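Bear in mind that the values in this text are calculations on the coordinates, not laboratory data. The model shown is predicted, which means the values in this text are computed figures rather than measured ones. Virtual Cβ from ideal backbone geometry, glycine too; neighbours counted across all protein chains shown.
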There are 2 protein chains.
Amino acid sequence: MIDTPSSIPRGHGQTVPSGGGAVSRDRSAHGKPRTRPVAKDPHGAKSSRTRERILDAAAHVLSRKGYAGTRLGDIADQAQLQAPAIYYYFRSREELIEEVMWTGAQRVRQHVGQALDALPAETAPMDRICAAVEAHLRIELELSDFATALIRNSGQVPEDLRTRQLAEEAEYGKLWRDLFRDLDDAGELRPELDLRIAHMLVVGALNWAAEWWNPRRGSFETVVRTAQSLVRHGLSGRSHLAEPPRPGVIHGQRHPARRTP
Amino acid sequence: MIDTPSSIPRGHGQTVPSGGGAVSRDRSAHGKPRTRPVAKDPHGAKSSRTRERILDAAAHVLSRKGYAGTRLGDIADQAQLQAPAIYYYFRSREELIEEVMWTGAQRVRQHVGQALDALPAETAPMDRICAAVEAHLRIELELSDFATALIRNSGQVPEDLRTRQLAEEAEYGKLWRDLFRDLDDAGELRPELDLRIAHMLVVGALNWAAEWWNPRRGSFETVVRTAQSLVRHGLSGRSHLAEPPRPGVIHGQRHPARRTP
DNA sequence: GTCTATATTTGGATAGAC
DNA sequence: GTCTATCCAAATATAGAC
């Protein structure tokens, strides 16, 4: 995992759009007004890599111990400092964890989004889905503790944090929803499948991989290949032989095909 | 969920093989020798439904809050008693939680196992898999908080509890492994699929359903139908048209077909 | 059997030295 | 910026009354 700390902070690959590293999106309602600076990378750029170290450490612990099991002490150990130092950068445990989750959501969405944008415009809907499958697996299994922290904890986080998180995750949900809709619009989705449920089952299979996969279970490439094949043949109404488009759909196009908006 | 307490304890349907209700399998190494009786249903049969209430409550809380987030106070609330009363039936929080997880593993395995045993002996491998898909989804989504408690927490439980759990879960893994092997032996698994990875992806899609499904997402029957279709077409090398068995396999049978052992 | 104290431990958070 | 010392609020677990 490139963003796994293990002592060497390496100015992690995919950065959050909001730039810098001191994210702390100014959400209006967030407890009391901040009394302390919450050091947003005080001296322009390089100064405090510590904040990143703490975030990396928190992602690491969170993805393994779960929300309630994540202790500031464990994070501090992992980041090689004492627990109170965390409070120089974050106002509370909640705020730190929330930023980890938010970063996870950003990275997943950005990684998969970029993979899709890199495809030629004429790429078939099913091929786009396969590209998304690979990108999702890669950010989840190879690249980011933030991604696994998000995936494994979005169901266990307390109510308020959860609702704030929903907007961000909805964006990613929409990305997949569009992929599935395009497939359906092209008449390539087997008719007995429920669009939204198939969507959730597919993404679920990918998400669950975080629970079991490690390199000893088979190479990452094998996982990708198997997942793609499973999804492709599982969804396709064409049964990967030339079959006539399914009846009732005129030329497989119910809405105008919408590429990247 | 039939075993969801919600005040009315109703002598839940699927009971654990070990019978009774006071399970407490006498594992040799389990901390100190018990100093207190740990009331194994003191008066033969009916006496203490309380123990069941506590277990149901614990399953409920555990499946929602996660291992570290499960408080004895919450369990007590749910079971309609005070927290210290729990210690009359269980020696510690950890022992209670472990019994919940163990019960979950038992019920899932038993439920799916029985569904398979009920099939005619000549049932095709793919049809057996589809039956297992339905049974797994049903115990997970409709029947048991114990099942979801197990599914959502087996990755977050502390080391020692986890290792003790593994034996039980391995049994269930074997059940699925056999299903997939039979399919492969019959030459019906598409050759580009990795057997074990496909297995994990399929079960993962089902497990993850606990994270998102509720009746508003579509009827349970729709979930089952979609999952079965996805799995059937995702795995099948026959592409659900009559296709010759894949090359290199003599009549689709590498090992003797083994039904229920 | 179940309750009301209460002892004990843990972990989040603050104060203030350096 | 980061530490040590400390406060405080839970939460597990026990004692002992009823």
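For A:THR70, no residue whose modelled amide H falls within less than 5 Å of its own remains once neighbours fewer than 5 places apart on the same chain are excluded.
Based on Cα atoms of region A:38-159, Rg over Rh with Rh as the Kirkwood radius reads 1.07. Shown in residue order for region A:73-78 are the 3J(HN,Hα) couplings computed by the Karplus curve 6.51 cos²θ - 1.76 cosθ + 1.60 at θ = phi - 60°: x, 5, 4, 4, 4, 4 Hz (x for Gly and Pro). Other residues within the sphere of radius under 11 Å centred on the Cβ of B:ARG152, judged by their own Cβ, net out at -1 (K and R +1, D and E -1).
Evaluated with a Cβ-only charge set (Lys, Arg +1; Asp, Glu -1), region B:115-196 carries a dipole of roughly 220 debye about its Cα centre, given to the nearest 20. Label point of A:ARG49 (7 Å along Cα→beta-carbon): distances to the other copies' equivalent points are 6.3 nm, sorted ascending. Near B:SER219, within a Cβ-to-Cβ distance under 15 Å, what is the net charge of the other residues, with Lys and Arg +1 and Asp and Glu -1? Every neighbour counted, the sum reads 0.
Reported to two decimal places, what Rg/Rh ratio describes region B:76-142 when computed on Cα atoms with Rh from the Kirkwood expression? That ratio is 1.23, to two decimals. Centroid-to-centroid, using Cα positions, region B:144-168 and region A:209-225 are 21 Å apart.
With label points set 7 Å from Cα along Cα→Cβ, the inter-copy distances at A:ARG216 are 4.3 nm, sorted shortest first.
Each copy carries a label point for A:LEU175 at 7 Å from Cα along the beta-carbon vector; from one copy to the others these points are 3.6 nm apart, nearest first. Residues B:ASP77, B:ASP184, ranked from the fewest to the most other C-beta atoms within 10 Å, line up as B:ASP77, B:ASP184.
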